[in-house]
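Notes to accompany the following structure.
The values are calculated or read from the model by the stated rules, or taken from the named source; none is laboratory data. Every value quoted in this text rests on a predicted model; they were computed, and no experiment measured them. Glycine gets a Cβ as well: all are built from the backbone with ideal geometry, and neighbour counts include every protein chain shown.
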Amino acid sequence: MEHQLDTKVNKFGDKFKHIRRMSSTDWDIPTGEAGNFARIKNSEEGFAAQIDLSYFAPTYDPSDVKVDVYGYDLQINARKDDPKNPNVALRELHRQYRMPDDVDLETVKMVRSPKLNIVQVDAKKSDGYGKPVMFNVYDVRSEGKKISLVSL
């Protein structure tokens with residue numbers, strides 16, 4: 001019979017298997033304890049996620065849980081095996097969450113606190129769509145030159 005925690009860890013992320021591109025503050029929680037696994041703040045100024053790695057224990061040691069940011073995706077991976085005992089099954093955990101599309105990727109910062117078993121991800125929001133672009137506007141009528149239109 002499977003331990004109750006193992007059952008919940010195996011179901012972790014089930015409702016998000018088909019929808020990957022959507023960002024949400026409703027992150028699925030591996031142990032079913034709402035509100036403590038990840039604290040998400042998504043405001044007009046920025047995005048912040050605080051992930052408590054101790055919620056993966058006792059199945060995974062918090063030091064073995066890796067958290068990375070790839071583009072807009074925040075990925076959580078863990079691996080547990082016992083090379084000394086081949087009868088112990090390999091266990092792996094892979095979860096991926098989407099940050100909002102208006103996050104400025106150049107401002108994403110991730111800090112891991114080994115003492116507290118917490119990973120903090122912060123990012124600023126971009127102003128509008130994309131980066132500002134500078135361009136010059138000339139009044140060609142004042143130059144007296146012939147104008148030819150170019151279609152793109």
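Note on region 90-114: among residues that are acidic (D, E) and assigned to a loop (DSSP other than H, G, I, E, B), the one that is farthest from N42 (Cα to Cα) is D104.
The numbered conditions (1) in a loop (DSSP other than H, G, I, E, B); (2) at pLDDT below 85 are all true for S142 except (1). I'd like the full set of residues that are surrounded by 13 or more Cβ atoms within 10 Å (Cβ to Cβ) and more than 13 Å from the chain's Cα centre (by Cα), limited to region 90-101. Those that are surrounded by 13 or more Cβ atoms within 10 Å (Cβ to Cβ) and more than 13 Å from the chain's Cα centre (by Cα): R91, L93. Does V69 qualify as being at pLDDT 90 or above and of a type in the set (V, I, T)? Spelling it out, V69 is indeed at pLDDT 90 or above and of a type in the set (V, I, T).
Within region 63-98, the set of residues being under 22 Å from N117 (Cβ atoms) and in contact (Cβ under 8 Å) with a residue 60 or more places away in the chain comprises L93, R95, Q96, Y97. Scanning region 58-89 for residues that are within 23 Å of the chain's Cα centre (by Cα), part of a loop (DSSP other than H, G, I, E, B) and among the small types (G, A, S) turns up just one, G71. Is it the case that some residue within region 103-120 is surrounded by fewer than 15 Cβ atoms within 10 Å (Cβ to Cβ), among the hydroxyl-bearing types (S, T, Y) and closer than 19 Å to F37 by Cβ? Checking region 103-120: at least one residue is surrounded by fewer than 15 Cβ atoms within 10 Å (Cβ to Cβ), among the hydroxyl-bearing types (S, T, Y) and closer than 19 Å to F37 by Cβ.
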